[in-house]
Each structure stands twice: as structure tokens, then as C-alpha cells.
Ligand SMILES: Nc1nc2c(ncn2[C@@H]2O[C@H](COP(=O)(O)OP(=O)(O)OP(=O)(O)O)[C@@H](O)[C@H]2O)c(=O)[nH]1
Ligand SMILES: [Mg+2]
């Protein structure tokens, strides 16, 4: 998750590699339809259909096809010209939905980050990657094992903590998650921690008892600091496709989502789903996961993402 500027090429190639399945799916058909033909309305309609199939959603697909048509209508184009136009149109869609996760540029100490989402979306892994990255950058980090449902969850976090050299505050299985979050916050304050990362158990957005429990975690944190949690990251799994859309509203209502992380973009040919998700989300996309290693969690960059999505090189 290193800054884009520090290793631009490595960052971009990881992104491109992660998105290979999607970019293949996206471009093979598009390129074969458009190369060496004059772009007409029928071809544009076909493009729109292909984009919908790639999970961009009807609205974005319509706008991207239209923007593409504006720049190319009535002309023949090479493969790279087609990709450039497409990337530009997709980047324009995504740019307004790009946000930054910046836990170190803040007046809040500790800066409290809460991870929420459905089961298996990648919360704990994302938290672990962030912990390692922040620690590497010299920050004082603490992890709270707020998933008190399963022993394996606590163990998984301890492994991440050990690997990153970050302390983990944990309790026994079945402990009250809100109580744990409260105590971890107090401890982080006492120990002058810069960033407190709070894991939570995965929960289905339509299980109201579990959602109430999440609301309680937020409430108790506010008792210590009304502005906490300073960041609530909703972690979404790209492989579930458009189901992600229904998760957003419920988690936002319960926990006040301030940023979206989309994981497992490497595990799907339908990474285009990030586009309708970004457009429907109440909060910006801040991070994306394109693989299992620490450097595969990346700041979301609309332009870089759009170029990788269509299989283009870095600029
Ligand atoms: N390929 C790939 N796998 C990922 C990514 N992010 C997470 N995973 C994997 O997804 C699986 C679930 O991740 P977890 O972090 O345990 O998910 P969770 O949301 O904490 O799950 P619960 O605590 O059970 O709700 C693990 O096998 C992770 O390695 C990613 O960006 N790419
Ligand atoms: Mg977990």
C-alpha cells in the first residue's frame, strides 16, 4: 500500500496484473468489434451492451459509450486508440468517487478506524495489510480484535499483529465487542497510539440483532470522542458483483460509512462492478485489494484503475 509516487511502476503492474481477468473480459470483445471499422451507432449500441455485460451497470455503460462515441464517431481506430478512449471515459466516471485514506494526516490521536462488512469480505486481511503498512511508515499502531465471535478470528489477527510488530488487544470468545472497542480506545489513548484499527465480526446486513451490535460499537466509541470513529471502512468483496450494492446502504445507515474498500478484484472477471458501486456509494472508494500480499492493497486511483481495466500501460 506504499504511496503511488514511491514505486509507480511496481504499483501499477500489480494493479494491472490483479485486474487481468477483468481486462481480458472487457477488451477482447470490444477490441474485436471496433478495430478497423468506422464507428457507427450500431457499433456504439453493441459497446453499451458489452459494458453492461461487464457489470458496469446501465447508466454508466450508457455514458461511457456516449463519451467514447463523441471522441471516435465516424472514424477508424487502432486497438490502443480504442483502449485510450475507453479508459478516459471510465476514468471520468470514477474520478468524482475517489477518496483518500490518510490516517496519519490528522489532529485525532489516536485516529480510530473501524472495519465493517459482511462475512468473508476481507476486513481482517485489509486491516492486517494496513497495520503492516502504517508500522512500516513509522506510525504507532494498535489493533483491537473486535470480532469476538470466533477463536479463529482472534488468532488470525494475532498472526497479523505479530507479523507487523503491532500489539493486539483481544478478549475471550463471546466477549462484548463494544466493551472491547471501548477499552482498546482507552488503552490506545494512554499509550499515545497514532492509529487504532478495530476489526469487527462479519455480519449480514439484514440481520438486525447483529447490526444493532455494530451500532453499539460506534456509540461507545463516541462516548470517548464524539468524532470517533474517524474512519469507518466498509469492506466489499468484488466477486459478489452487484450484491455489494445492497450491502452499502444498510452498513451506512448503521455505522456511517466514510470510505469503501473493494477487495478481491483479482479474483473476478467482473471488476467493472466497481463502477456502479462507486456511483451508488454514499462514501468514496478509498482502497482496493488486487491480491493477497501487503502491497496488493492500494490507494484507489480512478485513472490508474481505468487504464488497468482496459489493459493499458502506465502513463
Ligand atoms: N485474492 C484476494 N483475496 C483476498 C483479498 N482480500 C482478502 N482476501 C482473502 O479473502 C478471505 C477472507 O478474508 P478475511 O480478511 O478473513 O475476511 P473477513 O471479512 O475478515 O471475514 P469474517 O471475519 O469471517 O467476516 C481470505 O482468504 C483472504 O486472504 C484480495 O484483495 N484478493
Ligand atoms: Mg475477519
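Values in this text are rule-based calculations from the coordinates and carry no lab data. Note that the structure is a prediction, hence the values are computed from the model and not measured. Note that each Cβ is placed from the backbone with ideal geometry, even for glycine, and that neighbours are counted across all protein chains shown.
The table below lists the values:
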read-out: Within the chain, helix-based [θ] at 222 nm, where runs of 4 or more DSSP H residues each add -39,500 (n - 2.57), nearest 500; value: -16000 deg cm²/dmol
read-out: Cα-based helix-to-principal-axis angle, 243-255 vs the chain, degrees rounded to 10; value: 40
read-out: Sites residue 293 and residue 176, calculated FRET efficiency, Cβ-Cβ separation with R0 41 Å, nearest 0.05; value: 0.75
read-out: Rg in Å to one decimal, and Dmax rounded to a whole Å, for the range 241-284 via C-alpha atoms; value: 10.5, 31
read-out: Relative exposure of 22, 35, 200, judged by other C-beta atoms within 10 Å (fewest first); value: 35, 22, 200
read-out: Between 0 and 90°, nearest 10: helix 208-224 axis offset from the chain longest Cα axis; value: 70
read-out: Convex hull volume per residue for the range 191-315, taking Cα atoms only, in Å³; value: 132
read-out: Protection-proxy order for peptides 193-199, 274-280, each taking the mean of Cβ atoms within 10 Å per residue, highest first; value: 193-199, 274-280
read-out: Over the range 8-97, relative contact order from alpha-carbon pairs under 8 Å, at least 6 apart, %; value: 32
read-out: The range 262-315, relative contact order in percent, only Cα pairs under 8 angstrom and at least six apart counted; value: 32
read-out: Additional length obtainable on full extension of the chain from residue 53 to residue 224, 0.36 nm per residue less Cα span; value: 56.8 nm
read-out: Neighbour-count order for 217, 30, fewest beta carbons within 10 angstrom listed first; value: 30, 217
read-out: Label-point separation in nm, residue 29 to residue 100, each point 7 Å along Cα→Cβ; value: 3.8
read-out: For q = 0.17, 0.24, 0.29 Å⁻¹, Debye-computed log10 I/I(0) when each Cα of the range 156-211 counts as one equal scatterer; value: -0.66, -1.09, -1.27
read-out: Approximate shape of the chain as ellipsoid semi-axes (Cα gyration tensor, √5λ), whole Å, largest first; value: 39, 19, 15
read-out: Per-residue Cβ neighbour rank within 10 angstrom, fewest leading, 105, 182, 111; value: 105, 182, 111
read-out: Mean Cα-pair separation over length for the chain, i.e. relative contact order, pairs under 8 Å, 6 or more apart, %; value: 29
read-out: C-alpha center-to-center spacing [the range 74-99, the range 144-220] in angstrom; value: 41
read-out: Hull volume in cubic angstrom per residue (convex hull over the Cα atoms of the range 2-109); value: 133
read-out: Gyration tensor over alpha-carbon atoms, the range 111-299, equivalent ellipsoid semi-axes in Å; value: 24, 19, 15
read-out: Crossing angle, helix 177-190 versus the chain [Cα axis fit, 0-90 degrees, rounded to tens]; value: 80
read-out: Prolate/oblate/rounded label for the range 23-85 (Cα gyration tensor, a/c 1.5); value: oblate
